[in-house]
1. Using a/c under 1.5 as the rounded threshold, could you call the protein assembly as shown rounded, prolate or oblate? The axes a ≥ b ≥ c are square roots of the C-alpha gyration tensor eigenvalues, and prolate needs a/b larger than b/c, oblate otherwise.
2. So which of A:Lys144/A:Lys197; B:Lys32/B:Lys123; B:Lys27/B:Lys50; A:Lys158/A:Lys197; A:Lys50/B:Lys50 end up more than 18 Å apart, counting from Cα to Cα?
3. Would you work out which of A:Leu29, A:Gln78, A:Leu150 lies farthest towards the positive end of the dipole of the protein assembly as shown, given +1 charges on the beta-carbon of Lys and Arg and -1 on that of Asp and Glu, about the Cα centre?
4. Could you work out, residue by residue across A:70-80, how many beta carbons of other chains sit within 10 Å of that residue's beta carbon, and then give the average as an integer?
5. Fewest to most neighbouring Cβ within 10 Å: what's the order for B:His113, A:His105, B:His3?
6. Report D for region B:123-233 in µm² per second (integer): Stokes-Einstein, Kirkwood Rh on Cα pairs, 10 °C, 1.306 mPa s.
7. Would you tell me the mean number of C-beta atoms belonging to other protein chains that fall within 10 Å of each C-beta in A:3-9, as a whole number?
8. Using the Karplus curve 6.51 cos²θ - 1.76 cosθ + 1.60 with θ = phi - 60°, work out ³J(HN,Hα) for each residue of region A:117-127 in order, rounded to whole Hz, and write x for Gly and Pro.
Number of protein chains: 2
Amino acid sequence: MNHYANQTRLLVAIDCIIFGFDGQEIKLLLIKRNFEPEQGKWSLMGGFVKEDEDLDVSASRILYELTGLTNIYVEQVQIFGNVRRDPVERTLSVMYFALINIADHDTDAVRSHNASWISLSQKPNLIFDHDEMVAIAMDRLRYKAALHPLGFELLPEKFTIPQLQKLYEAVYNIPLDRRNFSRKLLSTGLLQETGEKDENSATKKAMLYRLNQDRYQSRFNAFWNFVPDSMLV
Amino acid sequence: MNHYANQTRLLVAIDCIIFGFDGQEIKLLLIKRNFEPEQGKWSLMGGFVKEDEDLDVSASRILYELTGLTNIYVEQVQIFGNVRRDPVERTLSVMYFALINIADHDTDAVRSHNASWISLSQKPNLIFDHDEMVAIAMDRLRYKAALHPLGFELLPEKFTIPQLQKLYEAVYNIPLDRRNFSRKLLSTGLLQETGEKDENSATKKAMLYRLNQDRYQSRFNAFWNFVPDSMLV
DNA sequence: GCAAAAGTGTTGGCGTTACACCCATGA
DNA sequence: TCATGGGTGTAACGCCAACACTTTTGC
């Protein structure tokens, strides 16, 4: 037995929801399509899965093509499989979400793909079911970030607590108390002091921290709420 | 443009992790394969996605074939896509988990598929990557049940609080305090009294409740911890 | 010195835990 | 009437939201 007979084979694509953070707002990396179908419209970055390519590898390849980055944080969210989701031909789509630091990426690669960073609040309508994908990815981000310390991938390697707070405020669109946020975060023991300070500040310079990767991996499931319960209803 | 040229098409299967509860233990519905490949070994229930079938429909069809049940609680977990996960031929597999009340299902359909309910503690090794799928599904169940009131699908329509407690104890393999469990649960307002009592008990008969479906839907994300934080590390 | 941002302390309320106690049932 | 399991009460503790105060920096 070396193959399954009489079974349908289907096209399988990857679509990437790429989140970035510029210090103020959550942004999405979107492309204005200069190819068919739906040329001229906005969509997520995507591509077809190849014959000999694991799904995760495929997602990483597509992200690399657009951003020039390897070792990005990616996470499979779900697969979309409605028969008529792609009007050209039935295509399944595995949705991945990625978190990257906007400052890191390769601007040439982005430009050559006709892509741009667009804030969530100004997102245009996207093709197919891509709007729904973005909504689901955002929900996932909120859900996870409410329970786990998340989002370090969206910041520089060395970051300050106020920067991380800004990120959380952007994710949930609410203000958080500076003092409580800081204490809760430090109590996790996830941050290592670098001894340096943020020179960009015009006033008191905040301490720069680095993520303790080992502890982050091992204690990821030590749940932890950054957001008041009332937010999550 | 009516199709995508020069792209690989792939086999896509569904595999179902079917959880049940018998009042004491969490069980899995597994089949002893009387067909190739891997005839004679144990596996999850599965099947190929058809040409004109949405993924969720495909999962429901496969569950119906085995259990005779419709309107089962199913949830897509993730897609497995490693190139060599199926030794016969590359096959992607979309993993679904289902929760059903063991007492409900169609025993003839189960028997004709050579399937059995097997407690997690006695699970045999399964084919391909199905062991990994079960582990991931169990993690998902634990994760969700820690945050949301979950598992009503595993119980009869009318159930007692002690029954639900037994379920939670089985999911986490830990004892829970009867009194605290009961109060926490009632405080959610998710349970409606039926006025009836459980006649099966030999001692004091517990009150039977019914799930308030509307409230359950709308407040699912009102997070809620049944399990001490220490369990979740 | 002043405004603006960062860091440290203190409090009260609320939810959770860990118990003791009472009730219903059948043998 | 006793054993078993179900239901209600409560006190201590800990966490967290809310808010006051101090420190650093540049103009």
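1. oblate
2. On the way: A:Lys144/A:Lys197 29 Å; B:Lys32/B:Lys123 12 Å; B:Lys27/B:Lys50 29 Å; A:Lys158/A:Lys197 10 Å; A:Lys50/B:Lys50 21 Å.
Cα-Cα > 18 Å for A:Lys144/A:Lys197; B:Lys27/B:Lys50; A:Lys50/B:Lys50; rest within.
3. Farthest towards the positive end: A:Leu150.
4. Going residue by residue through A:70-80 and averaging, the value is 2.
5. B:His3, B:His113, A:His105
6. On the way: Rh = 15.4 Å.
In µm²/s, the coefficient is 103.
7. Details: counts 5, 9, 0, 1, 10, 9, 9.
That works out to 6 on average.
8. 3J(HN,Hα) across region A:117-127, in whole Hz: 7, 10, 5, 3, 5, 10, 4, x, 5, 10, 6.
No value in this document is a laboratory result; all are computed from the given coordinates. Because the structure is a prediction, the values reported are computed rather than measured. Quick reminder, even Gly has a Cβ in these numbers, built from the backbone with ideal geometry, and neighbours come from all protein chains shown.
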